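The values are calculated or read from the model by the stated rules, or taken from the named source; none is laboratory data. These numbers come from a predicted model, not from an experiment. Here the Cβ positions follow ideal geometry from the backbone for every residue, glycine too, while neighbour counts run over all protein chains shown. Side chains are part of the model used for accessible areas, which takes the heavy atoms of the whole protein and leaves out ligands, DNA and RNA. Shrake-Rupley method; radii C 1.70, N 1.55, O 1.52, S 1.80 Å.
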Amino acid sequence: MLDVLEMEKGLALAETLADVGERIATSERVSGPAADRYRAAAAEFCDRYVGTYLGKREPRALVANPRLRVYEDPKAFLTCNHDAFTALCTPDRDRVRDGGRSIPDHSRCHPAYANISRTNSQITLLQAEVTRIDASHRSRPGPLPHRGPRTAAPSAPTSTPD
């Protein structure tokens, strides 16, 4: 079962890198701290694997190659160019050498990390999402106006029996 999972991870990575290579070839621009690693991963994949048959060994080699670890996250509008030594999103970062998890936790991804890159299309989608959220926020009614402190009506004096 693990062999199938590794094969699927490798094929998914190959699909991502092929798409990245095509977008860069059609003048997609990349920015961010890991932009050079993003372009290098696409170039290495295209030079070595595009147009070839991916048998059983090739997907494993893709997953094992640390230079090709590219994870696009459409929900975060960014790409993680995972490097286990600089990744702050790896839950067991201090124990990687001791057999801890060395894959990224995408729910902990932060846009200021050194492993992040963004393409023009991701930036365009992010700007559209910001515009959508702003429009949604403006169309909702604001909070009810503050009416000031409520004052209690003066109570009638009570008489006590003597």
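Summary of computed values
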| quantity | calculated |
| --- | --- |
| Residue in the stretch 26-42 that is in contact with a Lys or Arg (Cβ under 8 Å, 6 or more places away or on another chain) and of a type in the set (S, T, N, Q) present | yes |
| Residue in the stretch 114-135 that is among the basic types (Lys, Arg) and at pLDDT below 75 present | no |
| Leading residue by the ranking (least open to solvent (accessible area, probe 1.4 Å)) among those in the stretch 28-55 that are at pLDDT below 90 and of a type in the set (Gly, Ala, Ser) | Gly55 |
| Boolean, Leu17 is touching a residue at least 12 places away in the same chain (Cβ under 8 Å) and among the aliphatic types (A, V, I, L, M) | yes |
